[in-house]
1. What's the number of the only condition in (1) facing chain A (nearest Cβ under 7 Å); (2) without any contact (Cβ under 8 Å) to a residue 24 or more places away in the chain; (3) basic (K, R) that B:K23 fails to meet?
2. When both residues are 6+ apart or on different chains and their Cβ atoms are under 8 Å apart, which pairs have a first residue that lies in segment A:70-87 and is within 7 Å of chain B (Cβ to nearest Cβ), and a second that is in a helix (DSSP H, G or I) and surrounded by fewer than 20 Cβ atoms within 10 Å (Cβ to Cβ)?
3. Can you tell me how many residues in segment B:89-133 are among the aliphatic types (A, V, I, L, M), modelled with pLDDT under 95 and within 30 Å of A:F157 (Cβ to Cβ)?
4. Could we say that A:L296 is surrounded by fewer than 24 Cβ atoms within 10 Å (Cβ to Cβ) and away from chain B (no Cβ under 14 Å) here?
5. Given (1) farther than 25 Å from B:E189 by Cβ; (2) touching a residue at least 40 places away in the same chain (Cβ under 8 Å); (3) in a loop (DSSP other than H, G, I, E, B), where does B:C138 come up short, assuming only one miss?
6. Within segment B:174-201, count every residue that is closer than 17 Å to B:L55 by Cβ, at pLDDT 95 or above and of a type in the set (V, I, T).
7. Could you list, in sequence order, the residues of segment B:69-83 that are closer than 14 Å to B:K137 by Cβ and within 12 Å of another protein chain (Cβ to nearest Cβ)?
8. With respect to B:E129, determine if the residue is within 30 Å of B:A6 (Cβ to Cβ), at the interface with chain A (Cβ under 8 Å from one of its Cβ atoms) and open to solvent by 10 Å² or more (accessible area, probe 1.4 Å).
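The values are calculated or read from the model by the stated rules, or taken from the named source; none is laboratory data. The shown structure was predicted, so the numbers you read here are calculated from the model rather than taken from an experiment. Note that each Cβ is placed from the backbone with ideal geometry, even for glycine, and that neighbours are counted across all protein chains shown. For accessibility, only protein heavy atoms count, side chains too; no ligands or nucleic acids. Shrake-Rupley method; radii C 1.70, N 1.55, O 1.52, S 1.80 Å.
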Amino acid sequence: MRDQTYDRLLKDLGATFRPQREWVEGRGLYLIVGHFLSSIGAGTWLFSVIFDSHAGLLLAVLAVMLAGVAHLRFLGRPGRFWRMVHAKSSWISRGFWGMILFTAGAALYVLPKSGVAVPWAADGLFANLTLWVSLAGMATIMVYKGNVYAASKGVPFWNSPLLPVLYIVYSLRAGLAMLLVLFSLDQPGEAADQVALIELWIAVSAAVMVVFYLGVMRNMNVTTRRSVAELTSGRAAGAFYLGTVAAGLIAPIAVGVTGLLQPLSMGILGLVGVLSLVGDFFAKYSIAKAGIYVPLLPVNAAVR
Amino acid sequence: MRYGMAIDLKRCVGCYGCQLSCKAEKGSPPGVFFARVIKREMGTFPNTQVIFLPLLCFHCAAAPCVEVCPTGASQYREGGVVAIDYDACVGCRACMQACPYGARYFNRDNRAYFADQCLTPYEMVRYSEQHQGVVMKCDFCMDRVNAGKDPACVANCPAKARTFGDLEDPASEVSRLIRERGGAPLEPELGTQPSVYYLPI
């Protein structure tokens, strides 16, 4: 029986527009899951600190730890993960440091708040120090993912300074979305309304950024134009339209605008949160799926 | 010293000799091509032309793969050769995304060429030298170069389309060919400064 993966590789190598598969298919899906979870973790931590949500703090730590597991699952040699502290110019290395700082700082910060007997007070100097360490890690986690993609010179669709900004916006949104879900289960009231309003504003910003990003990419070069085509009418179209756009942008924004005119139930706000999270995942998935490598020969040449 | 190569597109006949000799020299598993050739037909009948483009790692002086590597496994070695320390690679494949030339391959598993059989005795010997779960690529056959020989693809090209040598020596054959024939690297606008130049048809 022929190896279909090998046959597909040969077909890809002979294609003018070779699709990127390593970071989205097979075990590459773990990388998308890892990015999604770390995005939720970082954003949820920030807004849980602001809105004083203990459940959010715990969930954020759990999300980032699970993100670490997902990343390990993706690696070809996970047992060597500790080597990633090494390099100076690698955004993956910086992200690794960010996750270490966040996990350590956040865990130490949350322990006294969770009632665990520790030698330091929940509001003392050491606790404040751990909070700042966690915030530094959180900021690094928010920033590094988009830059990992932007550093990929081989995939012009990703090689743009817009992508890190988009990923930061989505991380902030993921945090707000998770808080909406938590508040819908536990903490109704003014805080939920404030979170919903900020979430609407960031959702609209994300929608504008996505449109702007695709507009720029469509006009940049033939490869990025091909990637946009993959997103809008190719391999990634289903995920993009159903996940990123419909569930992730249109539905939450529509509900959010409705919420400006009349009060929304906590259940509806929770649903907005879930849909936003679904949209976050599919935004990452579809951007990765639409990646096309730089063509090595003139694109108007017929494949023989 | 900076090792480099000139590939004469006028001489290349698309025989795949470089690809096969590299496979034989390195014993690379299926799905890993340190050297490969792509073919394209240009123009419309009756004014058509077939282009053969031999590809390998270009050992760039400003290699994006080295910049993005989180463990330092991708590194510069003597002569400007970009090498991979297979014991340090974690298999994150960031270098594959950074390389604009498709020169890197992830060795997921040392699979057999004959999918419905176990490894052949040859494969068992050669694959014992390989590393699974890491990214692999051409290293300019440094073992051969250090022994005073040309890389396998250069030595075995029947059309003598490839020339290897020191790009920083203006008297070297490779420097002379690039200078006299107007050799140019692939996608120079990316700023990677490849060490492999193509001599035009």
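1. Just one mismatch for B:K23, condition (1).
2. A:L75/A:F81; A:F81/A:L72
3. Residues of segment B:89-133 among the aliphatic types (A, V, I, L, M): B:90, B:94, B:96, B:98, B:103, B:112, B:115, B:119, B:124-125.
The next check asks that each one be modelled with pLDDT under 95; those that pass are B:112, B:115, B:119, B:124-125.
The next check asks that each one be within 30 Å of A:F157 (Cβ to Cβ); those that pass are none.
Counting residues in segment B:89-133 that are among the aliphatic types (A, V, I, L, M), modelled with pLDDT under 95 and within 30 Å of A:F157 (Cβ to Cβ) gives 0.
4. Details: surrounded by fewer than 24 Cβ atoms within 10 Å (Cβ to Cβ): yes; away from chain B (no Cβ under 14 Å): no.
It is false that A:L296 is surrounded by fewer than 24 Cβ atoms within 10 Å (Cβ to Cβ) and away from chain B (no Cβ under 14 Å).
5. Failing condition for B:C138: (1).
6. 2
7. B:C69, B:A73, B:S74, B:Q75
8. Criteria not met by B:E129.
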